[in-house]
1. I need every pair where a residue in the range 411-431 that is open to solvent by less than 70 Å² (accessible area, probe 1.4 Å) has its Cβ under 8 Å from the Cβ of a residue that is among the charged types (D, E, K, R), sequence separation at least 6 or different chains.
2. Taking into account only those residues within the range 164-199 that are of a type outside the set (A, V, I, L, M) and free of Cβ contacts under 8 Å to residues at least 24 places away in the same chain, which is surrounded by the most Cβ atoms within 10 Å (Cβ to Cβ)?
3. Considering only the range 277-298, I want to know if a residue exists there that is assigned to a strand (DSSP E or B), over 24 Å from residue 188 (Cβ atoms) and either of a type in the set (A, V, I, L, M) or in contact with an Asp or Glu (Cβ under 9 Å, 6 or more places away or on another chain) (or both).
4. What number of residues in the range 15-26 are open to solvent by 10 Å² or more (accessible area, probe 1.4 Å), within 15 Å of the ligand (Cβ to nearest atom) and touching a residue at least 24 places away in the same chain (Cβ under 8 Å)?
5. Does residue 62 satisfy being within 12 Å of the ligand (Cβ to nearest atom) and open to solvent by less than 30 Å² (accessible area, probe 1.4 Å)?
6. Going through the range 1-14 one residue at a time, which ones are aliphatic (A, V, I, L, M) and either surrounded by fewer than 16 Cβ atoms within 10 Å (Cβ to Cβ) or modelled with pLDDT of 90 or more (or both)?
7. Of everything in the range 506-529 that's among the hydrophobic types (A, V, I, L, M, F, W, C) and open to solvent by less than 40 Å² (accessible area, probe 1.4 Å), which residue is farthest from residue 84 (Cα to Cα)?
Amino acid sequence: MTQVLGGFAALELHPNILAAVIATGYEEPSAIQLQSIPVILAGHDMIGQAQTGTGKTAAFALPILSRIDPAKKEPQALILAPTRELALQVATAFETYAKQMPGLNVIAVYGGAPMGPQLKAIRNGAQVVVATPGRLVDHLRRDEKVLSTIQHLVLDEADEMLKLGFMDDLEVIFKAMPETRQSVLFSATLPHSIRAIAEKHLRNPKHVKIETKTQTVTAIEQAHLLVHADQKHSAVLRLLEVEEFDALIAFVRTKQATLDLAAALEAKGYKAAALNGDIAQNQRERVIESLKDGRLDIVVATDVAARGLDVPRITHVMNVDMPYDPESYVHRIGRTGRAGRTGRALLLVTPRERRMLQVIERVTGQKVAEVRLPDAAAVLTARIKKLTSSLAPLVADAETTHGDLLDRLTADIGCSPRALAAALLRKATNGQALTLAEVEREQPLVPNSAPRERSERSGERSERGDVRERRAPMPLADGRARCRTALGARDGIAAKNLLGAILNEGGLAREAIGRIQVRDSFSLVELPEDGLERLLTKLKDTRVAGKQLKLRRYRED
Ligand code: AMP
């Protein structure tokens, strides 16, 4: 919709970059993007104060990609990130936005991987280099000219880089680049050390900061829940089981996410629909009418599509993806608690977004309490409660109307009324899990809560300053051992692949396998302690997604 695209289209990005942004499903630039993109496009140095979740990566990636010449096969942009994980994330974002720029290559450079191929890729003409400082300095030692063609530099999460002790490495890197380059620094906080770097290495930088006014929120009960990004759908489904809602609006960031989540909800029997900027006006009105009159109970929307939506039935707002700024959080949750009613707002927070949560709390002057994902017992209680309330009204005169039939049927079948009632219940509940064991089996991959120590960057440093991904593990069930494989999401692994491989090759029953947690660069699987060594030997040559599984006992120390 042209009117919706106005936001990005007005920013004067390279047409191929704009096309990729639209294809990605973004509808509107976030506040940090609106302010940073023109500054970076104009070639200014810049200091941006923004944290993860504000859309800061696109805020620098889009204008920088727009200014790169894909015909020149030499490094033109360098993005420095504190950790390997962030470097990979940023590189992936660049690749996504550069999809329609033929000849544009991105290379991620980080510790722990062989240096030769990285250096080769840089020399072969990758125009965008995303690196952790430690490893980049190693490369500079081998080839001091490697950064001599850089025209754009971004320091991403500069405060984190300094916290990790990269100051000296940064100085070496600054010296290896042309002084005429453009430098952009992003940092969540601006302590003295960051200001000193800016003073020394940036030229008349423009400052970009998202101003936040205090916002008031009343009559809305707010809660947040920590989840890993890959578990959002299961978390939403579980929450919906126990939340007593009338109508609910779920907010996500992209068009595709509206479609995906609405489809997942429909598949579970919810009356749900997607609302995004691609949906024609008359269809949008139909969706809103249906939400008003109860033909729909859940609408999954982007911020743009939900603008002006006023449906008094909405009792719940679920922020499945984090809003870009506190104002839009307040806007979103204002969809409930209308007309003097109370509402409930739930916010899913991934480990990296916890800072954003703090900003929201500061701006709204309210604590957003943490809740845990409901466990199987809570889900079961909620299911039985729903079943009770759906059956109770049916009982009223049923004996009068169908009592004789019941007598006849039980006599004909030769069963007790209890047996017949049980059979009818089984039919009516249509295979739904209604015992604790069944509910537990249903969603075994979702942990009860996110780990306590959630910062990916609180791990210890490994060689050359890279930080190993580390999250506090979940408590283990009795008789289980935790095992680790170096295969993770970035190898294209999903939990179901690991489960399939272990079931097939290990000859285990499904119940024997506990939680499977897939992280970016590794995965954890809970296996029975009993016979573990034998099992690991059996799985010795197992391959998943074409790579050796190499499952080992994992000891936390
Ligand atoms: P960041 O703050 O850069 O870590 O970005 C957080 C998430 O927001 C990423 O998953 C991006 O893909 C997404 N994102 C960034 N900008 C937009 C936008 N304008 N519309 C929708 N999603 C966005």
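1. Note: no pairs meet the criteria.
2. Checked the range 164-199; the qualifying residue surrounded by the most Cβ atoms within 10 Å (Cβ to Cβ) is 171.
3. Scanning the range 277-298 turns up at least one residue that is assigned to a strand (DSSP E or B), over 24 Å from residue 188 (Cβ atoms) and either of a type in the set (A, V, I, L, M) or in contact with an Asp or Glu (Cβ under 9 Å, 6 or more places away or on another chain) (or both).
4. Matching residues across the range 15-26 total 4.
5. yes
6. Correct list: 1, 9, 10, 11, 13.
7. 512
Yes/no per residue for (1) among the hydroxyl-bearing types (Ser, Thr, Tyr); (2) under 19 Å from residue 260 (Cα atoms); (3) buried (at least 18 other Cβ atoms within 10 Å of the Cβ); (4) away from the ligand (no atom under 16 Å from the Cβ):
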position: 287; (1), (2), (3), (4): no, yes, yes, yes
position: 294; (1), (2), (3), (4): no, no, no, yes
position: 300; (1), (2), (3), (4): no, yes, yes, no
position: 305; (1), (2), (3), (4): no, yes, yes, no
position: 317; (1), (2), (3), (4): no, yes, yes, yes
position: 320; (1), (2), (3), (4): no, yes, yes, no
position: 331; (1), (2), (3), (4): no, no, no, no
position: 335; (1), (2), (3), (4): no, no, yes, yes
position: 345; (1), (2), (3), (4): no, no, yes, yes
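The values are calculated or read from the model by the stated rules, or taken from the named source; none is laboratory data. As the structure is a computational prediction, the values presented were derived from the model and not from experiment. Counting neighbours? That spans all protein chains shown, and the Cβs are built from the backbone with ideal geometry, glycine included. The area values use the complete protein model at the heavy-atom level, side chains included, leaving out ligands, DNA and RNA. Shrake-Rupley method; radii C 1.70, N 1.55, O 1.52, S 1.80 Å.
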